[in-house]
Amino acid sequence: MAKIITLTLNPSIDKSTKVDALIPEQKLRCESPTFEPGGGGINVSRALKRLGSPSIALYLSGGHQGDFFNELIAKENIDSFPFRISGNTRENMIVLETGTNKQYRFGMEGPKIEETEWKDLLWEITKQKNVDFIVASGSLCPGLPVDFYAELAEISRQIGAKFVLDTSGPALNAAANKGVFLLKPNIGELANMCGMEEIRTEQVQEKALEIINRGKCEIVAVSLGAQGAIMVTKDKYVHIAAPIVKKRSTVGAGDSMVAGMVFQLSQNKSIKETIMMGVACGSAATMNYGTELCKLEDVNTLFQWIETHGIVEIK
Ligand SMILES: Nc1ncnc2c1ncn2[C@@H]1O[C@H](COP(=O)(O)OP(=O)(O)OP(=O)(O)O)[C@@H](O)[C@H]1O
Ligand SMILES: [Mg+2]
């Protein structure tokens, strides 16, 4: 079985509650909160588990909040590797206003990471043995250099692991220029990488190939929301349509999609089967409320639909 490590640099305790109405200047009576471990890599590990694949969730953890986060992860039954930092793990707040059924998501800034801490973290990864995939998802936190993921790309290459990255902004550009095995920008992030306002579907292959050639990346998977996704390699192009589903929340769709693709790649599946599974997992995630990820039963149903109806173009 492949060894997969997911990395979450800026995890959060997601605290969810409900209130009748969000009214300023008043004491608001909220329901008893629920707590969930959140963060890109953590979500990828949770989704991989649903697909039947183990992974090790490596994440930064600090303070009492970090201890609580570790407890939440332990309940998920995923192998974890908390990397201790001096700052406090952040807590995000999600409030459902029941009167309007609107969800408000308050994201806090993560703790500042000291230089010695991130250097130790990279050193720790350098020492890992027999790793097949390193999957990093999510934003950098304060104190981390913009080329942190670029350095990780280099380390992954040194230890013989395939580096999969889902992030945005300058950190994404820096890593792409260094060379990543698989990049998963959404179409807006791809446009941003290319310094463009927007990109049309017909332009995706050309732009993805520019990234592949410039940074020696192997695969670029561009997610298109309800339009599905396009996977581009040096010599292949596959466009898969997303099934029409009853959309409840798109939170975590990207991470479920990454999990689906890594799951297939870890079993040496083809580019076509990889992107079909990515779309099936992403779309399955949107069928659930809140931060709930893809369910295996939905993934299987959607994958079957995609096999017969979802292939838009292959070249
Ligand atoms: N409205 C939708 N209907 C069906 N499938 C969807 C919808 N939105 C997203 N998906 C599925 O999820 C995948 C990833 O979605 P999207 O392109 O929105 O990623 P993203 O912007 O990176 O998401 P995230 O906000 O999680 O980072 C899509 O390729 C598709 O399979
Ligand atoms: Mg995303």
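The rows are residues; the columns are (1) within 19 Å of the chain's Cα centre (by Cα); (2) open to solvent by 30 Å² or more (accessible area, probe 1.4 Å); (3) over 20 Å from VAL146 (Cα atoms).
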| site | (1), (2), (3) |
| --- | --- |
| LYS178 | no, yes, no |
| ALA191 | yes, no, no |
| CYS217 | yes, no, no |
| ALA221 | yes, no, yes |
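When you look at ILE199, is it of a type in the set (Val, Ile, Thr) and out of contact with any helix residue (DSSP H, G or I) (no Cβ under 7 Å at 6 or more places or on another chain), yes or no? Criteria not met by ILE199. Of everything listed in (1) buried (at least 24 other Cβ atoms within 10 Å of the Cβ); (2) in contact with a Cys (Cβ under 9 Å, 6 or more places away or on another chain), the single unmet condition for SER156 is (2). Within segment 291-315, the set of residues being more than 16 Å from the chain's Cα centre (by Cα) and within 30 Å of THR98 (Cβ to Cβ) comprises LYS295, GLU297, ASP298. Screening segment 160-176 for residues that are open to solvent by 40 Å² or more (accessible area, probe 1.4 Å) and over 22 Å from ALA229 (Cβ atoms) and picking the one that is nearest to ligand 1 (Cβ to nearest atom) gives PRO170.
The one condition from (1) part of a helix (DSSP H, G or I); (2) closer than 21 Å to ILE4 by Cβ; (3) out of contact with any helix residue (DSSP H, G or I) (no Cβ under 8 Å at 6 or more places or on another chain) that ASN130 does not meet is (1).
Those strands (runs of 3 or more DSSP E) of segment 5-118 in which at least 1 residues are within 21 Å of SER139 (Cβ to Cβ) and among the polar types (S, T, N, Q), considering only elements entirely within it, cover 12-19, 56-61, 79-84, 90-97, 102-106.
The values are calculated or read from the model by the stated rules, or taken from the named source; none is laboratory data. Values in this document were obtained by computation on a predicted structure and should not be read as measured data. For neighbour counting, all protein chains shown are included, and Cβ atoms are generated from backbone atoms with ideal geometry for every residue, glycine included. These accessible areas exclude ligands, DNA and RNA; they are computed on the full protein's heavy atoms, side chains included. Shrake-Rupley method; radii C 1.70, N 1.55, O 1.52, S 1.80 Å.
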